[in-house]
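Data first, discussion second: the structure below is written as structure tokens.
The values are calculated or read from the model by the stated rules, or taken from the named source; none is laboratory data. A quick note: this is a predicted structure, and the numbers were derived from the prediction, not measured. Glycine also receives a Cβ, built like all others from the backbone with ideal geometry; neighbour counts cover every protein chain displayed. Accessible surface is based on the protein model in full, side chains and every heavy atom, while ligands, DNA and RNA are left aside. Shrake-Rupley method; radii C 1.70, N 1.55, O 1.52, S 1.80 Å.
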Amino acid sequence: MNAASLIAQQKDYVLWYDKPAKDWNEALPIGNGRLGAMIFGRAGEELIQLNEQTLWTGGPVNQNPNPNSQKFLQPVRDALFKDSIQEAVRLLKKMQGPNTQMYQPLGDIIIKHKFKNVELDSSTYYRSLNISNATALNQYTVSGIKYSREIFSSAPGQVIVIKLTASKPGSLNFTVDVNHELRYTKKVTGDKQLLLIGKARIADDERRNPRPFIFQEETSCKGMRFQFRVKPVLTGGQLNTTDSSLVINNATEVILYVSAATSFNGYDKCPDKDGKDENALAVAYLNNALKKNFRQLKADHIKDYKKYFNRLDLSLTARPAPGLPTDKRLANYKAGTKDLSLEEMYFQYGRYLLISSSRPGGMPANLQGIWNNNIRPSWRSNYTTNINLQMNYWLAEMCNLSEMNQPLIDHIKRMALNGTATAKNYYNMKGWAVHHNSDIWAQTNPVGEGNGDPKWANWSLGSPWLSQHLYERYRFTNDKNYLREVAYPLMRSAAEFCLEWLVEKDGKLLTAPSTSPENVYIHPNGFKGTVTIASAMDMEIIHDLFTNIIEAAGILKTDETFVKSLKEKRSLLNPLKIGKKGNLVEWYDDWEDEDPRHRHVSQLFGLHPGRQISPLLDTAFSNAAINTLLNRGDGGTGWSMAWKINFWARLLDGDHAYKMLQELLKKSTLNNLFDTHPPFQIDGNFGGTSGVAEMLLQSHLSEIQLLPALPAAWEQGHVMGLVARGNFEIEMWWNNGRLTKAFILSRNGGVCSLRTNNPVSIKGALNKTKVVKQLSQDQYLFSFKTVAGKIYELSSN
């Protein structure tokens, strides 16, 4: 593994371009988890758009904004059982609450150069983002003078650093200005810092229709304060100022230190009267950074970033990457040119984006990670919990970025606290409930404000799905203290809600109301419906939760009575059904979809991210999953195609999974490699990276599967640093589509169970081998005890 680590350190993944970004969708993202920037790379007037992850509208949620909600639940259920769907929809709208708040941009930095003779040599223009060390670079030549801008967002330094240089001494002449779409104040301080001060809106002002009824007062808070500061340090030249800008003349090198802070002080505190001192925070960040020069800050930044990024390396080709700009490579790929190194880079780009937007101690990545330039972003750039937030974190554990999972775990704790109030106030039930949308304030109520379509607004099973992430973290880390103290209590409480949410009908337990986000069915009586009972997704999510709790309680040797109850209830859950088209039935009955190609394939939750459906468990249901995907088609939005990579990988069809990866790159990838819904939505990037990992390694069932869904296009290759459940780190080589060698690092001991498509021998292990027939081929099962810290070598027989 040491040799592979050296390979990873030497291998650079660089997005580069021969022209500036024409718009935000071509700008390049940097981030340290908290501070993000989009870099346009313009020669004469550079634009750097900033974000700070805690800058949102609003304040702490009112935990009971719709006190009348409870009285409508039973009438909704009565209407559903009478097939009075429209009446159920009407009543469900009366159970809705306020919408979430919005993630906001921090503002813009504008660097305007004053060239004496403007003769830009376009042949020298270069703009890049090196995701191997998380630095951005922009170079160009004007009138024979080479100009350069190097930019990074430092986690150790908690600042963004911009270094400007010129090849000819005394040739840097430019102004620095700032701007924001919101009302703001800008000024230059006595020590020549450029300061922008603003305040977020109190609430979202996106409402186009009046509310049909008045909610309780949402918040007494008066909006979040924010600021950012720009401090220049010059080599040569002069620094002058106006009232609201910095003026640099005749310098040879300029370092711009950018610090920022908000008054956010926690999800349950008003950011104005109970907020932090954002001025003191921004000043402290800046002063600490100024103690180090550019070289020291850059070295610290790269060392910090690489300790995460270099854990994993993927090599699909020995050929060097084509010497073309990334946008031209992508255009060629879309036209059918093979480019395995672009696929490698796309996989690593997802890891880069997660490291850059989700750091321990911070907030989880939202619909856009941390990159947003709109004060009214699409879907509020919030946390959408019926797929998108969860997809953001599928890659974290398996791609060796467990620390980046921590913000989600922490936010689940916050949602559980607010969700306990939601379960009580909206439904008079135990446990905790989370609905379709959340935000930095951990909102959990049904959204929609009385106007929302229940197919998204009233979806109620966020807590059991989020609980899956709690348990999956244990399955990867084997941390029993975490399981006992954090995951299990929250999972148990989510189950308490589910137990009360379930109702009995014809001897089975089912959910009512139920939706299959965000789809519409055609009822046999001819009407279109969005609400039903016992959607397949509902039943699969609850089955998953109950199964995980039963397993976790066995590990912890606790809760025998509760586990006995869950086993009984699980056996009574409304079962999965296979429809007339050989499909997995999505609704309560085998009804047609209004849109047969709908982007959501929610009924396959049990295939991925669940573990209820697999060709290794029951081919009847896995074949139904195949037919469902074939009926849905290979199209969809970016994140939808990303989910389908994972689906096909779990079905052990590497070639179809690979086709979906190609579709994602060809149809839903922007020139800066951002995923587009459209517009930009980061879950497609994260889901795509997860899908590639699932093609190479799976461990959701009882064994670790090596190369379970390897496509023919990846005939040979090497991967180092993928992580399997049980806390095993894997390195593999393959050739002609067959595993040739592997190393397995047992991080904390335990039994290692393997499944391979060809026989292997294992050095230093007393293993039991079993040959089984699976999917018309022999597969080989191995099981052996491991010692913590020891590496086991596998070689092909």
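Tabulated results
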{"quantity": "Helical mean residue ellipticity (222 nm; -39500 (n - 2.57) per DSSP H run of 4+; nearest 500) of the chain", "calculated": "-9500 deg cm²/dmol"}
{"quantity": "Greater than 32 Å apart at Cα, pairs in LYS199/LYS424; LYS413/LYS770; LYS334/LYS790; LYS22/LYS146; LYS413/LYS557; LYS22/LYS292", "calculated": "LYS199/LYS424; LYS413/LYS770; LYS334/LYS790; LYS22/LYS292"}
{"quantity": "Net lengthening on full extension, LYS82/LYS334 (0.36 nm per residue, minus Cα-Cα)", "calculated": "85.7 nm"}
{"quantity": "Around ALA331: net Lys/Arg minus Asp/Glu count, Cβ-Cβ under 12 Å", "calculated": "+2"}
{"quantity": "Length released on extending from GLU551 to VAL233, taking residue separation times 0.36 nm less the Cα-Cα span", "calculated": "108.7 nm"}
{"quantity": "Kirkwood hydrodynamic radius of region 499-580, Cα pairs, Å", "calculated": "14.2"}
{"quantity": "Mean projected area in nm² (Cα convex hull; one quarter of hull surface) for region 557-681", "calculated": "10.3"}
{"quantity": "Mean shadow area of region 664-768 over all directions, Cα convex hull, nm²", "calculated": "8.1"}
{"quantity": "Heavy-atom accessible area ranking, 1.4 Å probe, most first, across GLU663, GLU119", "calculated": "GLU119, GLU663"}
{"quantity": "Computed P(r) (all Cα pairs; region 134-199; 5 Å bins; percent)", "calculated": "4, 12, 16, 17, 20, 18, 9, 3, 0"}
{"quantity": "Above-threshold pairs, the threshold being 29 Å between Cα atoms, out of LYS71/LYS567; LYS19/LYS168; LYS273/LYS306", "calculated": "LYS71/LYS567; LYS273/LYS306"}
{"quantity": "Extreme residue, positive dipole direction of the chain, given options PRO596, THR444, HIS523 (C-beta unit charges)", "calculated": "THR444"}
{"quantity": "Proximal aspartates and glutamates to LYS163, defined as alpha-carbon separation beneath 12 angstrom and excluding residues fewer than eight positions away on the same chain", "calculated": "GLU150, GLU253"}
{"quantity": "3J(HN,Hα) from dihedral phi, region 319-333, Karplus parametrisation 6.51/-1.76/1.60, rounded to Hz, x for glycine, proline", "calculated": "6, x, 5, x, x, 10, x, 4, 5, 6, 4, 5, 4, 5, 4"}
{"quantity": "Spin-label pair ASN797/ASP23, simplified geometry with 7 Å Cα→Cβ offset, distance in nm", "calculated": "5.9"}
{"quantity": "Theoretical FRET efficiency, 1/(1+(r/R0)^6), r = Cβ-Cβ of LYS187 and LYS114, R0 22 Å, to 0.05", "calculated": "0.50"}
{"quantity": "Distance between modelled label sites at ASN627 and LYS564, nm, 7 Å Cα→Cβ extension", "calculated": "4.1"}
{"quantity": "Sorted peptide list for 345-354, 505-514, criterion being average Cβ within 10 angstrom, highest first", "calculated": "345-354, 505-514"}
{"quantity": "Inter-probe distance in nm under a simple model that places probes 7 Å from Cα toward Cβ, at SER143 and LYS71", "calculated": "7.7"}
{"quantity": "Residues LYS666 and ASN179, FRET efficiency given R0 of 45 Å [Cβ-Cβ distance, rounded to 0.05]", "calculated": "0.80"}
{"quantity": "For region 338-347, 3J(HN,Hα) per residue [Karplus equation, 6.51 cos²θ - 1.76 cosθ + 1.60, θ = phi - 60°, Hz, x = Gly/Pro]", "calculated": "6, 8, 5, 5, 5, 5, 4, 5, 4, 4"}
{"quantity": "Unpaired by the 4.7 Å Cβ criterion, cysteines found in the chain", "calculated": "CYS399, CYS498, CYS752"}
{"quantity": "Å² of accessible area per residue within region 449-563, as computed with a 1.4 Å probe and no ligands counted", "calculated": "31"}
{"quantity": "For region 349-474, radius of gyration divided by Kirkwood radius, i.e. Rg to Rh on alpha-carbons", "calculated": "0.97"}
{"quantity": "Tail fraction, Cα-Cα pairs, region 414-455, threshold 15 Å, whole percent", "calculated": "38"}
{"quantity": "Extent along principal axes [Cα atoms of region 445-578; Å; largest to smallest]", "calculated": "52, 34, 25"}
{"quantity": "Cross-link pairs beyond the 27 Å C-alpha cut-off, checked among LYS112/LYS666; LYS112/LYS186; LYS455/LYS505; LYS192/LYS269; LYS480/LYS785; LYS93/LYS569", "calculated": "LYS112/LYS666; LYS192/LYS269; LYS93/LYS569"}
{"quantity": "Segment VAL751-LEU324, extension gain: residue separation times 0.36 nm, minus the distance between their alpha carbons", "calculated": "149.0 nm"}
{"quantity": "Nearest-10 value in Å² for the accessible area of GLU45, using the 1.4 Å probe", "calculated": "90"}
{"quantity": "Overall dimensions of region 224-325 by Cα: Rg and Dmax, Å", "calculated": "20.1, 59"}
{"quantity": "Alpha-carbon Rg with Dmax, taken over region 457-524, Å", "calculated": "15.5, 51"}
{"quantity": "Dipole moment magnitude, nearest 20 debye, the chain about Cα centre, only Lys, Arg, Asp, Glu C-beta charged", "calculated": "1280"}
{"quantity": "Aspartates and glutamates whose Cα lies under 15 Å from that of LYS741, excluding same-chain neighbours fewer than 8 positions away", "calculated": "GLU715, GLU729, GLU731, GLU793"}
{"quantity": "Rounded to the nearest 10 Å², the accessible area of THR185 at probe 1.4 Å", "calculated": "80"}
{"quantity": "Over the chain - Rg/Rh using Cα atoms and the Kirkwood inverse-distance radius", "calculated": "0.98"}
{"quantity": "LYS292, LYS186, reordered so the largest accessible area comes first (probe 1.4 Å)", "calculated": "LYS292, LYS186"}
{"quantity": "FRET efficiency for SER167 and LYS222, using Cβ-Cβ distance with R0 set to 45 Å, rounded to 0.05", "calculated": "0.35"}
